[in-house]
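A.B. asks: Have a look at this one.
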Amino acid sequence: MLSLQHSSLEVIENHTNRTTIMKFTSLVSIVSLAAVASAWHLQLYDGELYQGLIHDRSGTLSQPCADLDASADNKASSMHWEAGTFAGEIILFEKHGCVAEVGRSDGDWSLAQFSSFANNKVSSYKIN
Ligand SMILES: [Ca+2]
């Protein structure tokens with residue numbers, strides 16, 4: 001009778017240890033996921049071939065709509081876009097308030113020279 005009680009107690013202890021180990025493993029997984037999540041990065045340049053940086057911004061989540069400052073407005077002629085883990089697409093607009101689309105990415109987008117349609121026109125963007 002005494003030995004039976006002892007083995008029951010061991011079963012409970014083993015179960016508790018396993019639960020603790022599983023909780024710890026889940027925590028490590030969450031921390032690892034956060035470490036590999038990458039940010040999006042947008043760089044706009046006044047000139048072709050990435051000359052004359054006029055806008056440089058990065059973040060992790062989507063961006064509803066951002067107007068460019070007066071110093072960068074209607075000037076972009078080339079760009080780098082690195083899609084992040086949680087934001088893949090950027091949409092460029094001719095007017096403030098994300099009106100009149102001039103182009104959109106599908107994943108990363110390096111554009112050494114904007115089309116004549118979009119050149120020196122971008123004044124706002126949205127990140128999805
Ligand atoms: Ca320009």
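Here, each number is a calculation from the coordinates, and none is a lab measurement. The structure presented is a predicted model; accordingly, all values stated were derived computationally and were not measured. Don't worry about glycine lacking a Cβ; one is built from the backbone with ideal geometry, like all the others, and counts go over all protein chains shown.
A.B. asks: Can you run phi through the Karplus equation (6.51, -1.76, 1.60; θ = phi - 60°) for region 103-117 and list ³J(HN,Hα) in whole Hz, with x for Gly and Pro?
C.D. replies: x, 8, 8, 10, x, 4, 8, 10, 10, 6, 8, 5, 5, 4, 5
A.B. asks: Under 13 Å from a point 7 Å along the Cα-to-Cβ line of ASN120: which residues of region 38-59 have their amide N that close?
C.D. replies: Counting backbone N atoms under 13 Å from the label point, the list is 46-48.
A.B. asks: Between SER62 and VAL36, what is the label-to-label distance in nm when each label sits 7 Å out along the Cα-to-Cβ direction?
C.D. replies: Taking the two extended label points, one gets 2.4 nm.
A.B. asks: Fewest Cβ neighbours within 10 Å first, please rank VAL122, VAL99 accordingly.
C.D. replies: VAL99, VAL122
A.B. asks: List the residues whose amide H sits under 5 Å from the amide H of VAL122, counting only those 5 or more places along or on another chain, with H placed 1.01 Å from N in the peptide plane.
C.D. replies: ASN74, LYS75, ALA76
A.B. asks: If you don't mind, there's one more thing I want to ask. Whole-Hz ³J(HN,Hα) for each residue in region 53-68, computed from phi via Karplus 6.51 cos²θ - 1.76 cosθ + 1.60 with θ = phi - 60°, x for glycine and proline: what do you get?
C.D. replies: Going residue by residue, I get 4, 10, 8, 9, 8, 9, x, 10, 9, 5, 10, x, 6, 10, 7, 6 Hz, with x marking Gly and Pro.
A.B. asks: Give me SER77, SER62 sorted ascending by neighbouring Cβ count inside 10 Å, so fewest comes first.
C.D. replies: Details: SER77 23, SER62 14.
Result, fewest neighbours first: SER62, SER77.
A.B. asks: Here is a follow-up. Using Cβ contacts closer than 10 Å as the measure, can you line up LEU61, LEU111 from fewest to most?
C.D. replies: On the way: LEU61 10, LEU111 20.
Listed from fewest to most nearby Cβ atoms, that is LEU61, LEU111.
A.B. asks: Which residues' amide hydrogens lie under 5 Å from the amide hydrogen of GLY103, considering only partners 5 or more residues apart or on another chain, with H built in the peptide plane?
C.D. replies: LEU92
A.B. asks: With unit charges on the beta carbons (Lys and Arg positive, Asp and Glu negative) and the dipole taken about the Cα centre of region 40-127, which residue among LEU42, ALA100, SER62 sits farthest to the positive side?
C.D. replies: So the residue we want is ALA100.
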